[in-house]
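Worksheet for the structure shown next.
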Amino acid sequence: MQKANDHVRYLETQLLSDNWYTLKKYTFELRRQDGTWQQQSREAYDRGHGATILLYNRDKKTVVLTRQFRLPVYLHDQNGYLIEAAAGLLDNASPEQRIIAEAQEETGFQIAEPEKIFEAFMSPGSVTEKLYFFIAEYREQDRSGQGGGIEAEGEDIEVLEWSLEKALAAVRSGEIQDGKTIMLLQYLALNVLN
């Protein structure tokens, strides 16, 4: 087995964009399995790491989701609205601190102890972001606001409370197409509300 850094030699890094986040082009050599070195060039988009959470109610067997406009989805299907679990970038906070704030901002529910279930790279071919996945149980008395996001950040989020059964059916029908949300719903169905 190769040591951590004996399989990549950096040759050049070029900044392509530093507008919203950073996009860089990397030229490097990668040691192949047969021991030879091969020069490659890739672009990587660095937007920081993020966290996502699925709120659920055990007694009602419901989940809290959001619906919001996403430009890349719009460019693909000319609709642009995506149903997803609450999420956000860490912005120099711990994953736990950030996801508590995101849940409040996006859904209006105040949670105290999110349960971290795993971490995953969502698009490792081109994006450096690692996503931290959480779940948390909610009760109606945990609602402390309307949610909807932060208007100054361009957020206009619709809060949805659906049965887990309806959410899983929406995955099957294609109404829910967000990867992180599908992973969280399946985890919940297999491990918590089964």
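The values are calculated or read from the model by the stated rules, or taken from the named source; none is laboratory data. Quick caveat, the model's predicted, so the values are computed rather than measured. Glycine gets a Cβ as well: all are built from the backbone with ideal geometry, and neighbour counts include every protein chain shown. These accessible areas exclude ligands, DNA and RNA; they are computed on the full protein's heavy atoms, side chains included. Shrake-Rupley method; radii C 1.70, N 1.55, O 1.52, S 1.80 Å.
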Neighbourhood net charge (10 Å Cβ-Cβ; Lys/Arg +1, Asp/Glu -1) for TRP37: +2
Residues of region 41-116: accessible area per residue with a 1.4 Å probe, Å²: 51 Å²
Which label in (i) 18.6; (ii) 21.5; (iii) 19.6 gives the computed Kirkwood radius over Cα pairs in Å: (i)
Residue order for ILE53, ILE117 - accessible surface, 1.4 angstrom probe, largest first: ILE117, ILE53
Shape call, region 92-194: gyration tensor on alpha carbons, a/c limit 1.5: rounded
Inter-label distance, nm, simple model (7 Å from Cα along the C-beta direction), ASN5/GLU175: 5.1 nm
With every protein chain in place, region 1-113: carbon and sulfur % of accessible area (1.4 Å): 47 percent
Relative contact order computed over region 118-174 (Cα-Cα under 8 Å; 6+ residues apart), in percent: 17 percent
Helix-only mean residue ellipticity at 222 nm for the chain, each DSSP H run of n ≥ 4 adding -39500 (n - 2.57), per residue, nearest 500: -6500 deg cm²/dmol
In sequence order, calculated HN-Hα J values of region 85-92 (Karplus, 6.51, -1.76, 1.60; Hz; x Gly/Pro): 6, 4, 7, x, 6, 5, 6, 6
